[in-house]
Amino acid sequence: MPVRNIANVAVIEGTYSTLDEHIIRLFALTQGAGIGSNDSVAIKINMCDARHPETGTITHPVFLGSLLRYLRENYSNLDIYVVESDATVVLADEFIKWFGYMPVLEKWGAKWHNLSRNGIVDVKIEGNYLKSVPVPKLLTKTKLLSLSKLKTNSLSKITCSLKNQFGCLPMRQKSIFHDHLSEVIVDANLAMKPVFSIVDGIIAMGGAKGPSFGTPLQANMVLAGSDPVGVDAACAKIIGFKARSVKHIRLAEMAGLGKITHKLVGDKVRPVDFELDPVMRLQNFIADKVKKIMRKSSRTGWRKENR
Amino acid sequence: MKVAIIGAGAIARRAHLPAWKGLPGVELACIVDVDEENAKKVAQEFQVESHTDKIQTVLNDASIDILDICSPTPTHHNILLDCIDSGKHIICEKPLTDSLEKSIDIYEKLKTKTNRAKLSLIYNWRYQDNIRQSLIRRLQIKPFGELITVHGIAFSRIPVGWTPNMWLYNKAAVLYDFTPHLIDAVQWLVDKPVESVYAYAREFTENAKFLSSAQLVVKYENGPTAFLDTSWDINSNQFNIDLYGDCAHLHIDLKRDRFSEFHGGLTLLDEIREFSRKMKNVATGIINKNISTMSAAT
């Protein structure tokens, strides 16, 4: 499929209480999600840490509920899975219960699926770092819909749509890829490209300690589009970065995953200060380099815990 | 000395086994775990010659001197009863058990034993270098006055990255984690019997009904009141104890194993600032020939 020269990215202003009406506009502005009524869809949510949704860290159950409601009302026979994988600080099968998602899934007839537990298929790619990607079996049979958060990330600058597919990798210890994070983000998207991306910025996250411990921000906006590169480029600009300065966005465009140049359609949202403290970023950058050196020099890893 | 590890989970693998391996004169004799595959895997990882899923194996082995209990807290009571009967020395992870009744039961059992075997609990915060040596020395040399109040904080992340083992996310939860260390460290520093305890706690979420934060108010007999705060919910890695006496304030940073001393509510930096402000006012008064400005400075 030829890549359009410019990505259309919809943006709407809204809150969790007005989301039901605004989500209809979101899909109208993007001319649909590229799914059909009889399709099977996997919605990749973000449960990256054991932090309450009100901190802006993880997908808010209210947002998921609004999305599921829209899909049920507009795609009659849709087979819907809500998916996430285990990670270093993620117990996906527990978090889906702890943070109140299960009643939402049950209400709208969606099924929970842990991507780490149900088999994989090795998919060969011409990747930046990986030559094959372990793809959870379900994602080879479904259309992927990415539902991410609008957040800064101390390693990758931003974590929005493209980074959400890194979370589709089934292995628990995904931190082994942190030294080549940007490259592996792109490789994950080459194997598991979403047909539609939604980024929840109603409670967003700024500061230098994202994606889990940054500053929650009431940004009251939602972005969406079928081009994950364009969506991320729009997110980067809103957060305060030049899109091409974010390595995984740049590499994703070069890999043909989408276009950085985008056109925002929808509401004119107010600017939000994402608190990009340059001193803190420099501190994190130095700490990250030191950690890498210590990890390489230590067999058992640098962190010693004493509980 | 020969040691058997009972419970091959996160704390055994991350702390106990590496520590034992580093001690001269100690041989790791056996790994015991209810999951025999896990016991085998950990035994291979740490080059321990044998493994088993049956505690009785190590209890009956006369060559083993020490039993190191690293199993989940809810299992401590039954395991300890068997281990005490064996007559071997016991090291047990904190807390002792998951209820006051069970802990009293263990205490009563210990009183009946006739051998000289010891039971030690892992309350290692009191053994950190600066706490043990410098702080105690300081308290002995200089009068601290009467200890009026103690504030203790143990804030950490919810430990899902430490262990995926679900036993920890059950009932008392945060009270199994750093809270016992905080309580013991304060108890050790105050060194008086407890008169009363009030505690308040909150559950993690509506759907995760384990305790993730707790505040304790501890009144010591003829002693201070301690306010102890422990939480998985606050994004802050802090383990501090503040001792406020009528002669001094000691701030103890347990994470970094250091302490600071304050008098009069001011730090040295505050005093320098205060002195600078006064000198500036004196200079201003001299320059402007304003006696009232100079007087205000002193």
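Of all residues being touching a residue at least 12 places away in the same chain (Cβ under 8 Å) and surrounded by fewer than 16 Cβ atoms within 10 Å (Cβ to Cβ) in segment B:131-150, which is nearest to the other protein chains (Cβ to nearest Cβ)? Just the residue, please. So the residue we want is B:Ser134.
Among the residues making up segment B:155-203, a single one is more than 14 Å from chain A (Cβ to nearest Cβ), more than 18 Å from the chain's Cα centre (by Cα) and in contact (Cβ under 8 Å) with a residue 40 or more places away in the chain: B:Lys171. Within the span defined as segment A:227-235, every residue fails to be touching a residue at least 24 places away in the same chain (Cβ under 8 Å) and surrounded by fewer than 24 Cβ atoms within 10 Å (Cβ to Cβ). When A:Val121 is tested against (1) more than 10 Å from every other protein chain (Cβ to nearest Cβ); (2) β-branched (Val, Ile, Thr); (3) surrounded by 21 or more Cβ atoms within 10 Å (Cβ to Cβ), just one condition goes unmet, and that condition is (3). Selection of segment B:15-37 for residues being free of Cβ contacts under 8 Å to residues at least 40 places away in the same chain and either of a type in the set (Ser, Thr, Tyr) or part of a helix (DSSP H, G or I) (or both) yields B:Ala15, B:Leu17, B:Pro18, B:Ala19, B:Lys21, B:Glu36, B:Glu37. When A:Leu155, A:Leu145 are screened for being hydrophobic (A, V, I, L, M, F, W, C) and either closer than 25 Å to A:Ser17 by Cβ or under 11 Å from the mean Cα position of the chain (by Cα) (or both), only A:Leu145 passes. Residues of segment A:241-268 that are acidic (Asp, Glu) and more than 27 Å from A:Ile23 (Cβ to Cβ): A:Glu253 alone.
Within segment B:39-64, if we keep just the residues that are within 29 Å of the chain's Cα centre (by Cα) and closer than 19 Å to B:His76 by Cα, the residue that is nearest to the other protein chains (Cβ to nearest Cβ) turns out to be B:Ala39.
Within segment B:69-95, restricting attention to residues that are surrounded by fewer than 23 Cβ atoms within 10 Å (Cβ to Cβ) and of a type in the set (A, V, I, L, M), the residue that is nearest to the chain's Cα centre (by Cα) is B:Ile91. Looking across segment B:206-224, the residues that are away from chain A (no Cβ under 14 Å) and farther than 14 Å from B:Leu182 by Cβ come down to B:Lys219, B:Tyr220, B:Glu221, B:Asn222, B:Gly223, B:Pro224.
When each of B:Lys102, B:Lys111 is tested for being loosely packed, with under 14 Cβ neighbours inside 10 Å and in a helix (DSSP H, G or I), the lone residue that passes is B:Lys111. For A:Ser85, the test of being away from chain B (no Cβ under 14 Å) and of a type in the set (Ser, Thr, Tyr) is failed. If the condition is being of a type in the set (D, E, K, R), more than 15 Å from A:Ser226 (Cα to Cα) and away from chain B (no Cβ under 14 Å), then segment A:27-52 contributes only A:Asp39. Residue count for segment A:41-77, restricted to those that are in contact (Cβ under 8 Å) with a residue 12 or more places away in the chain, part of a helix (DSSP H, G or I) and of a type outside the set (Ser, Thr, Tyr): 13.
Does at least one position in segment A:245-260 carry a residue that is more than 18 Å from A:Val186 (Cβ to Cβ) and either under 17 Å from the mean Cα position of the chain (by Cα) or outside any helix (DSSP H, G or I) (or both)? No, the conditions are met nowhere in segment A:245-260.
Identify the single condition in (1) within 14 Å of another protein chain (Cβ to nearest Cβ); (2) in contact with an Asp or Glu (Cβ under 8 Å, 6 or more places away or on another chain) that A:Glu106 does not satisfy, given that it satisfies every other one. With respect to (1) within 14 Å of another protein chain (Cβ to nearest Cβ); (2) in contact with an Asp or Glu (Cβ under 8 Å, 6 or more places away or on another chain), A:Glu106 is out only on (2). Inside segment A:53-82, residues that are within 14 Å of chain B (Cβ to nearest Cβ), of a type in the set (Ser, Thr, Tyr) and crowded, with 20+ Cβ neighbours inside 10 Å make up a count of 1. Checking every residue in segment A:12-20 against the condition of being loosely packed, with under 14 Cβ neighbours inside 10 Å and small (Gly, Ala, Ser) gives at least one match.
None of the figures in this text is laboratory data; all of them are computed from the coordinates on show. Because the structure is a prediction, the values reported are computed rather than measured. Please note: Cβ atoms are built from the backbone with ideal geometry, for glycine as well, and neighbour counts cover all protein chains shown.
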